Amino acid sequence: MTMHFLLLFSRQGKLRLQKWFTPVPEREKKKIVRDMTTMVLGRKPRSCNFLHWKDLKIVYKKYASLYFCCGLDAEENELLALEVLHRYVELLDKYFGNVCELDIIFNFEKAYFILDEFLLGGEVQETSKQVLSRSIEASDMLQEVSVIPRSR
Amino acid sequence: MPAVSKGDGMRGLAVFISDIRNCKSKEAEIKRINKELANIRSKFKGDKALDGYSKKKYVCKLLFIFLLGHDIDFGHMEAVNLLSSNKYTEKQIGYLFISVLVNSNSELIRLINNAIKNDLSSRNPTFMCLALHCIANVGSREMAEAFAGEIPRILVAGDTMDSVKQSAALCLLRLYKASPDLVLMGEWTSRVVHLLNDQHMGVVTAAISLITCLSSKNPDEFKTCVSLAVSRLSRIVSSASTDLQDYTYYFVPAPWLSCKLLRLLQCYPPPEDGAVKGRLVECLETILNKAQEPPKSKKVQHSNAKNAILFEAISLIIHYDSEPNLLVRACNQLGQFLQHRETNLRYLALESMCTLASSEFSHEAVKTHIETVINALKTERDVSVRQRAADLLYAMCDRSNAKQIVAEMLSYLETADYSIREEMVLKVAILAEKYAVDYSWYVDTILNLIRIAGDYVSEEVWYRVIQIVINRDDVQGYAAKTVFEALQAPACHENMVKVGGYILGEFGNLIAGDPRSSPLVQFNLLHSKFHLCSVPTRALLLSAYIKFINLFPETKATIQEVLRSDSQIRNSDVELQQRAVEYLKLSSIASTDVLATVLEEMPPFPERESSILAKLKKKKGPGAVSVELEDGKERGELNGGGDRGGDAAIAASNASTPSPSADLLGLRSAAPVSGATPSAGSLLVDVFSEAGPAATSAGVNDDGFLRFVCKNNGVLFENQLLQIGIKSEYRQNLGRMYLFYGNKTSVQFVSFNTTVSYEIKSRILNVQTKTVEPLVEGGAQVQQVINIECLTDFIDAPLLNIKFRYGGALQNISLKLPVTINKFFQPTEMAAADFFQRWKQLSQPQQEAQKIFKASHGMDTEVLKAKLLGLGTALLENVDPNPENYVCAGVIQTKAQQVGCLLRLEPNAQAQMYRLTLRSSKDTVSQRVCDLLAEQF
């Protein structure tokens, strides 16, 4: 599952999270974000969740007021990508408890940390919700605690 | 459990975020941000040292501002400081900032790398993971240089925690993708492959991504992964949904891992080991069977995960393309999905079937779904689904259903979305030509196309219909009648006027007998459109008028009057004015004979498709074959499998068709331009001094491959889209070939992919290829290097397969790479006595190969010498008693052995014949060199 990018944006097209798994120049990023938001927001309800864009496959899904949208290599599996999005939503939900857009706005850094545990370099690193939640909670337990005294 | 409250609340950050959210306007937001930036800057610059918490808070604010889309030019140093904090949360924010905002400030990278190094060696798994995540997120070359050596060690070390292994595997993958030259697996290869056997499913899931990528680049080194992958897959597929505990996703056992395993197997041909293959086929059958079982859950996640595996299995079946039974089952399964209530499944089924349609085993099975697909085109609410339906109709089209499909596509065009009309028009045009049995149908189709979607009909399409009409006298009368009728419409598209003007100008006489379409009626009809047309169309019409004067002397007075009018002869457009003046003058001073000669009917365009069609009809049934339309926009599959050499020949002969940009009217050049387009010649001409003549002869030769027997550089292939230049050098038994792929269009090629294949079993040549970038911009040229090692003597050349998408359509080109045994010649100089002594030593009948053949080119001495030198042998002077004859000597260097080779060529200028004799210590070599060389004279 090679993902090139993952974007979270609101119904109004406000970007809430952006993760780039391949090097993209800043200007190009802005263009992609613009293209994705206009394309995805312009879709009629009950359309399919897949699009072709340049040589990428775009897979998106709407959860409440938030769109989750990712770009994949042309040979990738769209259905599996949909479930990657879903698993990420589940992880956010488990962490925040009934996650909503505001949680992601105010705790954006957490959303990034959770994503790093799940996907790395655009590939799925771990799929077990238990294992993932455990490691996310474990790092939360470390908050503000000096883990090991360093020699310096 | 709102975990957010867990002691890390950065109140200042939350306040800032709500402030921003409360801003009523963009200006207010910018003002608030600038205020905050000033505040942070002063804190960072202040004399008072900031504590870790404040630093973290400010860095986090900067990050937030950056993610809002504002530039951040400071704070990097503070973030780097956070990396070496021993508080987890500070370190974490530091890493996040670096991951999002890294720039190639080398000073900073050194500091970052230092912090990463410390964390990697900390043996604290949480810190190690953070460091690995950062490397994977940044993935820069500097980081690869610093850590590519260390990470494989972490990955395979026995005492590494599972979570660290997972991060290490994907981190390494990222570095490998960015800087493959820096990641050397070498000694680690087999231990990495064996991660497929790891107890921990998460480790396998992460590691397999790395293994798949490495396998696709170095299949041989990783081939042991095939059997491991099959047994792992088999264990998952046969497990109950509860066996895998939390790796079961909505009652589906390990969907991610299953898909990744199936994807890994797609890097390889079907397993050779019968037992492994049997097990794999069993897995694939089980997956297909499960699709028929009732769902274990109503949740969409369940069916998505299950079907994700199913589609991946179908991809593998299509990749193998060798199990007719599985292919047909796959096709039936997709057929069910075509009518599924889930839009996603219908979309994917249409998409997958497109690839199935090109397999000879399943093409017929796909065709049975034609009604469903047509229905999808008509009724799907979602344009992207309709698009896939149109693609599939195009892919499943063959002679048996072309009329139906073209008719459906035409009727769909009337209501089609604007975004896909142009593509649809091209598809219809290609199919109509490809499968035209009678050309009146073809003409009708194209005229309908112009009528329905004139704006989307590109020049290439209407040029093409004119070329075909010019070349086929059986359709000219029909075409004239049809355009005449089409032009009766009060509003007709300008493209229709162009086609009408051209065709009536050439063939109006064929319908002039009917008083309803008498010459004057025809002229008046055309001229009634004149004033509504653009300049180029008017220019075309003026030419049609002068042709009318020649065809129908009775129209002369009327037309001269039109030409003489101020609006023509004083037209502000230079081209129109010039045509008017010249045509007027021509018509008044030239005698009828001169006029008839100058305005003679256009000569036929250089024909190619008739010969190709004949060849294709002989070779293959419909469907698997295709004729190309040189519309420059869109091409179908070039090779439908089968005889590759023949395909190359088709491709080569395509190059000789007239350029679509050639002036159809022939006003500037008397005859249609033949040969390659001017741009085509110039694309590579600066690279190869000898490419000039080669480019034009590209289409003439029967087989592009044979042109390279005696030379190493030139243009290997050319069509309207792509030019492939070649430059090669050989030394001993090694060769290096540079291929230059030139995109001749202005549109980028995507998913550009080339593969070189060779009979692997025979192991005669060792061919290594570096992959090329998947994107080739319009007008750009990309280079590919192929290394070749000759292991023993050989006959078959490697095949080069090029695939790319151009405007959505898959292009597929197969060519023989011009690697021939003579490339490995080392010239050997020897005196006459030596030569004859060796000649006699090689006197056994099987050591000699001889051919007597007619000269197919001139017998010029210098050309012959150049060819013999190009063959790679030494040309020995003063050896043969007859000075007309040529003798050569050389040694073929293969890894296995060296084969000495002597050659004698005896031209007979009077009879225009040659006798060619080859002697070598190996019979196959004598024969092969003789065969190759005999084609060269």
Margin query: Highest mean first, how do B:32-38, B:202-208 rank when packing is the count of other Cβ atoms within 10 Å averaged over residues?
Written below: B:202-208, B:32-38
Item checked: 10 Å Cβ neighbours from other chains, averaged over peptide A:45-55 -> 6
Note to self: Give me, ordered by chain and number, the residues 5 or more places off residue B:913 or on other chains with an amide H under 5 Å from its own placed amide H.
What the structure shows: B:855, B:908
Next item on the list: With only alpha-carbon atoms counted, please give the Rg and Dmax of segment B:757-826, in Å.
Entry: 14.7, 47
Margin query: Just to confirm, what accessible area per residue do you get for the protein assembly as shown at 1.4 Å probe, in whole Å²?
Written below: 41 Å²
Notebook entry, point to check: Over the Cα atoms of segment B:436-607, what is the Rg over Rh ratio if Rh follows Kirkwood?
Noted result: 0.95
Next item on the list: Collect residues whose amide H, placed 1.01 Å from N in the peptide plane, falls under 5 Å from the amide H of residue B:717; neighbours closer than 5 in sequence don't count.
Entry: B:724
Notebook entry, point to check: Tell me: how much accessible area in total is hidden between B and A, 1.4 Å probe, Å², nearest 100?
Noted result: 6600 Å²
Notebook entry, point to check: Semi-axes of segment B:704-819's equivalent ellipsoid from the Cα gyration tensor, sqrt of 5 times each eigenvalue, largest first, rounded to whole Å?
Noted result: 26, 14, 12
Notebook entry, point to check: Taking accessible area as the heavy-atom solvent-accessible surface of the protein chains with a 1.4 Å probe, which residues of segment B:218-247 lose no less than 20 Å² upon going from the isolated chain to the full protein assembly?
Noted result: B:246, B:247
Item checked: Shielded residues, segment B:111-156 - accessible-area loss of 30 Å² or more between chain alone and all protein chains, probe 1.4 Å -> B:118, B:124, B:127, B:133, B:137
Check: What does the convex hull of the Cα atoms of chain B come to per residue, in Å³, rounded to a whole number?
Finding: 249 Å³
Note to self: Please list, in order along segment B:543-549, the HN-Hα scalar couplings obtained from phi with the Karplus expression 6.51 cos²θ - 1.76 cosθ + 1.60 (θ = phi - 60°), rounded to whole Hz, x for Gly and Pro.
What the structure shows: 5, 4, 4, 5, 5, 4, 4
Margin query: Stokes-Einstein diffusion coefficient for segment B:216-261 at 10 °C in a medium of 1.306 mPa s, Rh from the Kirkwood formula over Cα pairs: what value in µm²/s?
Written below: 138 µm²/s
Check: Non-local amide H neighbours of residue B:771 (under 5 Å, H modeled in plane, Pro and chain starts lacking H): which ones?
Finding: none
Notebook entry, point to check: With all protein chains present, how much of the accessible area of the protein assembly as shown (probe radius 1.4 Å) comes from carbon and sulfur, to the nearest whole percent?
Noted result: 51 percent
Check: Taking 0.36 nm per residue of separation and subtracting the Cα-Cα distance, what length does fully extending residue B:199 through residue B:364 add?
Finding: 55.0 nm
Next item on the list: At 0.36 nm per residue, minus the direct Cα-Cα distance, what do residue B:736 and residue B:336 gain on full extension? Give it in nm, one decimal, please.
Entry: 139.0 nm
Margin query: Please list 3J(HN,Hα) in residue order for segment B:445-462, calculated via the Karplus relation 6.51 cos²θ - 1.76 cosθ + 1.60 where θ = phi - 60°; whole Hz, with x for glycine and proline.
Written below: 4, 5, 5, 4, 4, 5, 5, 7, 9, x, 5, 9, 7, 6, 3, 4, 5, 7
Check: For segment B:486-491, what does the Karplus curve 6.51 cos²θ - 1.76 cosθ + 1.60, with θ = phi - 60°, yield as ³J(HN,Hα) per residue in whole Hz, taken in order and with x for Gly and Pro?
Finding: 4, 6, 5, 4, x, 10
Note to self: What distance in nm lies between label points placed 7 Å from Cα along the C-beta direction at residue B:573 and residue B:459?
What the structure shows: 1.4 nm
Note to self: Which log10 I(q)/I(0) values does segment B:10-76 give at q = 0.29 Å⁻¹ under the Debye formula, counting every alpha carbon as one identical point scatterer?
What the structure shows: -1.49
Item checked: Selected from A:90, A:101, A:26 as most flexible by GNM, with chain A as the system and alpha-carbon contacts under 10 Å -> A:26
Next item on the list: Using only Cα atoms, find the angle between the long axis of helix B:11-22 and the longest principal axis of chain B, and express it within 0 to 90 degrees, rounded to the nearest 10.
Entry: 40 degrees
Next item on the list: State whether segment B:842-937 is rounded, prolate or oblate according to the following rule on the C-alpha gyration tensor (a ≥ b ≥ c being the square roots of its eigenvalues): a/c under 1.5 gives rounded; otherwise a/b larger than b/c gives prolate, and the remaining case gives oblate.
Entry: prolate
Next item on the list: Measure off 7 Å from each Cα along the Cα-to-Cβ vector at residue B:846 and residue B:755, then give the distance between these two points in nanometres to one decimal.
Entry: 3.7 nm
Checklist line | Principal-axis tilt of helix B:26-45 within chain B, Cα atoms, nearest 10 degrees | finding: 50 degrees
Check: Angle, helix B:494-507 long axis vs. longest principal axis of chain B, Cα atoms, 0 to 90°, nearest 10?
Finding: 30 degrees
Notebook entry, point to check: To the nearest 0.05, how large is the calculated FRET efficiency for residue B:216 and residue B:837 if R₀ is 56 Å and r is the Cβ-Cβ distance?
Noted result: 0.55
Check: Which whole number in µm²/s is D for segment A:3-147 by Stokes-Einstein, with the Kirkwood Rh taken over Cα pairs at 20 °C and 1.002 mPa s?
Finding: 135 µm²/s
Item checked: With eigenvalues of the C-alpha gyration tensor scaled by 5 and rooted, segment B:357-492, Å -> 27, 19, 11
Item checked: Principal axis dimensions, segment B:102-184 - Cα atoms, whole angstrom, descending -> 35, 24, 17
Note to self: Averaging the inverse of every distinct alpha carbon separation and then flipping it gives the Kirkwood radius. What is it for segment B:412-473, in angstrom units?
What the structure shows: 11.7 Å
Check: Which one of A:87, A:11, A:43 has the biggest mean-square fluctuation once chain A is modelled by GNM with Cα springs under 10 Å?
Finding: A:43
Next item on the list: Taking the Cα atoms of the protein assembly as shown, report the difference between the largest and smallest coordinate on each principal axis, in whole Å and largest first.
Entry: 103, 87, 65
Notebook entry, point to check: Of B:290/B:770; B:61/B:87; A:30/B:177; A:19/B:56, which sit over 29 Å apart, Cα to Cα?
Noted result: B:290/B:770
Margin query: Using only DSSP helix segments of four residues or longer, with each worth -39500 (n - 2.57), what per-residue ellipticity at 222 nm results for chain B after dividing by its residue count and rounding to 500?
Written below: -16500 deg cm²/dmol
Item checked: segment B:305-351-segment B:384-441 distance, computed between alpha-carbon centres (Å) -> 24 Å
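The values are calculated or read from the model by the stated rules, or taken from the named source; none is laboratory data. A quick note: this is a predicted structure, and the numbers were derived from the prediction, not measured. All Cβ positions, glycine included, derive from the backbone under ideal geometry; neighbour counts span all protein chains shown. Please note that ligands, DNA and RNA were not included when accessible areas were found on the heavy atoms of the full protein model with its side chains. Shrake-Rupley method; radii C 1.70, N 1.55, O 1.52, S 1.80 Å.
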